[in-house]
Amino acid sequence: MHELWYAIVAVMLTAYVVLDGFDFGAGALHLVVARTDSERRTLLAAIGPFWDANEVWLLASGGALMVAFPAVLASGLSGFYFAIFLVIWCLVLRAVAIEFRSHVAHPLWRSFWDAVLAFASMLLPVLFGAALGNVIRGVPLDTGGWFQLTLFTTFRPTTPVGILDWYTVLAGVFALVALLGHGSAWLAWRASGAVAERSQALVRRFYAVIAILWPLATIATHTVNPALLAALPGRPVAWLGLALAIGGIGVVLWQSRRGHPLGAFLGSCAFLAGMLVATAACLFPVILRALPDPALSLTAFNAGTTPAGLRVALRWWLLGFPIAIAYFVVLFRIHRGRAVAPSEGEGY
């Protein structure tokens with residue numbers, strides 16, 4: 001049961017990154033690919049029906065952690081207290097910017113909220129990427145499973161560590177570039193007019209950068225956590241994820257060159273999902289790695305709740321997960337087709 005719930009949490013976090021990732025990327029590109037008021041309202045119309053629904057996967061992932069691995073959630077919320085508040089503020093600002101922008105038809109008002117949306121959408125991938133970097137690198141867990149982190153120390157990924165060092169910053173930058181590519185692929189598919197054309201031109205550029213940064217990030221990961229890549233040969237699921245990620249990059253470059261935005265977006269989804277699946281498979285059973293003593297790490301076995309509790313939770317998950325999938329199928333079906341800027345005073 002612990003292995004199954006580890007996989008469930010990994011799947012739900014992957015769904016969050018793939019789904020909310022495209023509107024993070026689109027928001028970060030807000031001031032780049034949309035230059036007039038009408039174009040910016042077109043961009044917002046492309047993500048408007050989806051962004052708040054996508055955030056539900058973050059809450060669901062937190063709920064799954066609370067049910068299955070409460071010690072990990074408690075330790076993470078305590079240790080990453082400052083970083084979590086930054087994430088919450090960015091999520092709030094992003095939501096307010098989307099909802100408030102068109103309430104007043106004044107250029108200064110709209111320009112302010114446009115900048116807020118771009119800033120919050122750009123900072124969130126960096127924060128989430130740095131958080132994943134902390135999980136991979138490790139945190140200073142004590143014998144009770146707790147830790148505290150300052151913002152930064154020596155800026156090296158060795159004890160004493162902080163939230164930020166050269167590795168976690170690299171992870172944050174890589175996450176930002178990956179989601180910029182994902183967001184541009186989404187806009188090339190779902191936006192219209194000049195927004196779609198500019199986004200289409202950016203897809204291959206971002207993925208060319210990703211193809212360079214990914215090996216560098218992999219080498220850096222091996223430097224800070226050699227055990228992760230050492231586990232790869234014996235993890236078939238990790239090989240599957242790796243193949244999916246590599247194939248995803250190839251599909252993005254191929255389909256974008258042929259002018260097929262849907263294929264490019266699906267390739268981008270495959271890249272993000274494959275990369276996260278491979279990472280989770282190589283980390284298993286570790287959920288929160290301890291530094292300097294890996295023996296203190298929180299794992300799927302020592303941080304999980306009882307098998308009986310996991311069985312009860314699984315029944316509820318099997319009920320709720322198909323409903324969530326069905327909701328998203330209906331949502332995408334209702335809002336299929338390219339988005340256009342609504343009339344002034346209507347929607348975004």
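If the requirement is being over 15 Å from Phe69 (Cα atoms), aromatic (Phe, Trp, Tyr), buried (at least 20 other Cβ atoms within 10 Å of the Cβ) and out of contact with any strand residue (DSSP E or B) (no Cβ under 6 Å at 6 or more places or on another chain), which of these qualifies: Phe271, Phe328?
Exactly one of Phe271, Phe328 is over 15 Å from Phe69 (Cα atoms), aromatic (Phe, Trp, Tyr), buried (at least 20 other Cβ atoms within 10 Å of the Cβ) and out of contact with any strand residue (DSSP E or B) (no Cβ under 6 Å at 6 or more places or on another chain), namely Phe271.
For the range 85-95, what are the residues that are touching a residue at least 12 places away in the same chain (Cβ under 8 Å), within 24 Å of Leu151 (Cα to Cα) and among the aliphatic types (A, V, I, L, M)?
Leu86, Val87, Leu91, Leu93
Let's see how each residue does on (1) more than 24 Å from Tyr207 (Cα to Cα); (2) surrounded by fewer than 21 Cβ atoms within 10 Å (Cβ to Cβ); (3) in contact (Cβ under 8 Å) with a residue 12 or more places away in the chain:
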residue: His222; (1), (2), (3): no, yes, no
residue: Ala231; (1), (2), (3): yes, yes, yes
residue: Ile249; (1), (2), (3): no, no, yes
residue: Leu253; (1), (2), (3): no, yes, yes
residue: His260; (1), (2), (3): no, yes, no
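Scan Leu149, Leu65 and give me the residue that is touching a strand residue (DSSP E or B) at 6+ places or on another chain (Cβ under 7 Å), surrounded by 15 or more Cβ atoms within 10 Å (Cβ to Cβ) and either at pLDDT 90 or above or not in a helix (DSSP H, G or I) (or both). Give the steps one after another, and end with the answer.
Numbers: Leu65 fails: touching a strand residue (DSSP E or B) at 6+ places or on another chain (Cβ under 7 Å).
From the options Leu149, Leu65, the qualifying one is Leu149.
Pairs, please: C-beta under 6 Å, at least 6 apart or cross-chain, first residue among the hydroxyl-bearing types (Ser, Thr, Tyr) and in the range 96-120, second surrounded by 18 or more Cβ atoms within 10 Å (Cβ to Cβ)?
Partner pairs satisfying both residue conditions: Ser102/Tyr348.
Out of all the residues in the range 148-156, is one or more without any contact (Cβ under 8 Å) to a residue 12 or more places away in the chain and β-branched (Val, Ile, Thr)?
Yes; the residues of the range 148-156 include at least one that is without any contact (Cβ under 8 Å) to a residue 12 or more places away in the chain and β-branched (Val, Ile, Thr).
Residues are listed down the side, and each one gets a yes or a no for (1) surrounded by 19 or more Cβ atoms within 10 Å (Cβ to Cβ); (2) of a type in the set (Asp, Glu); (3) touching a strand residue (DSSP E or B) at 6+ places or on another chain (Cβ under 9 Å):
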{"position": "Asp293", "(1), (2), (3)": "no, yes, no"}
{"position": "Ala300", "(1), (2), (3)": "yes, no, yes"}
{"position": "Thr306", "(1), (2), (3)": "no, no, no"}
{"position": "Arg311", "(1), (2), (3)": "no, no, no"}
{"position": "Gly320", "(1), (2), (3)": "no, no, no"}
{"position": "Phe332", "(1), (2), (3)": "no, no, no"}
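Any residue that is modelled with pLDDT of 95 or more, within 30 Å of Glu99 (Cβ to Cβ), in contact with a helix residue (DSSP H, G or I) (Cβ under 9 Å, 6 or more places away or on another chain) and not hydrophobic (A, V, I, L, M, F, W, C) - is there at least one of those in the range 266-274?
Checked the range 266-274: at least one residue is modelled with pLDDT of 95 or more, within 30 Å of Glu99 (Cβ to Cβ), in contact with a helix residue (DSSP H, G or I) (Cβ under 9 Å, 6 or more places away or on another chain) and not hydrophobic (A, V, I, L, M, F, W, C).
Residues of the range 12-62 being among the β-branched types (Val, Ile, Thr) and either in contact with a His (Cβ under 9 Å, 6 or more places away or on another chain) or crowded, with 19+ Cβ neighbours inside 10 Å (or both), which ones? Don't jump to the end; show me each part of the working.
From the range 12-62, those among the β-branched types (Val, Ile, Thr) are 14, 17-18, 32-33, 36, 42, 47, 56; that's our starting set.
The answer is Thr14, Val17, Val18, Val33, Thr42, Ile47.
Being of a type outside the set (Val, Ile, Thr) and under 17 Å from the mean Cα position of the chain (by Cα) narrows it down to one of Phe152, Phe128, so name that one. Walk me through how you get there before you give the answer.
Numbers: Phe152 fails: under 17 Å from the mean Cα position of the chain (by Cα).
After applying the criteria, what remains is Phe128.
Need at least 3 residues that are under 30 Å from Arg338 (Cα atoms) per element, so show me which helices (runs of 4 or more DSSP H) inside the range 212-309 make the cut, counting only ones lying wholly within it.
Values: elements: 226-230, 236-257, 261-283.
So the answer is 236-257, 261-283.
How do the pairs read when you match residues in the range 132-146 that are part of a loop (DSSP other than H, G, I, E, B) with residues anywhere that are modelled with pLDDT of 90 or more and of a type in the set (Ser, Thr, Tyr), using Cβ under 8 Å and keeping only pairs 6 or more apart or on different chains?
Pairs found: Gly138/Ser297; Leu141/Ser75; Leu141/Ser297; Gly145/Ser75; Trp146/Ser75.
With (1) in a helix (DSSP H, G or I); (2) within 29 Å of Phe174 (Cβ to Cβ) as the list, and Arg333 as the residue in question, which single condition is left unmet?
The single condition Arg333 does not satisfy is (2).
So is Phe321 under 22 Å from the mean Cα position of the chain (by Cα) and modelled with pLDDT of 90 or more or not?
yes
Of Val340, Val277, which residue is among the β-branched types (Val, Ile, Thr) and farther than 29 Å from Gly133 by Cβ? First the steps, then the outcome.
Working: Val277 fails: farther than 29 Å from Gly133 by Cβ.
So the residue among Val340, Val277 that is among the β-branched types (Val, Ile, Thr) and farther than 29 Å from Gly133 by Cβ is Val340.
For Arg289, state whether it is charged (D, E, K, R) and over 22 Å from Tyr167 (Cα atoms).
Criteria not met by Arg289.
When Ser102 is evaluated against the numbered criteria (1) surrounded by 15 or more Cβ atoms within 10 Å (Cβ to Cβ); (2) of a type outside the set (A, V, I, L, M, F, W, C); (3) within 24 Å of the chain's Cα centre (by Cα); (4) modelled with pLDDT under 95, which criterion, by number, is the only one it fails?
(3)
The values are calculated or read from the model by the stated rules, or taken from the named source; none is laboratory data. All values derive from a computational prediction rather than experimental measurement. Ideal geometry is used to build each Cβ from the backbone, glycine not excepted, and the neighbour counts take in all protein chains shown.
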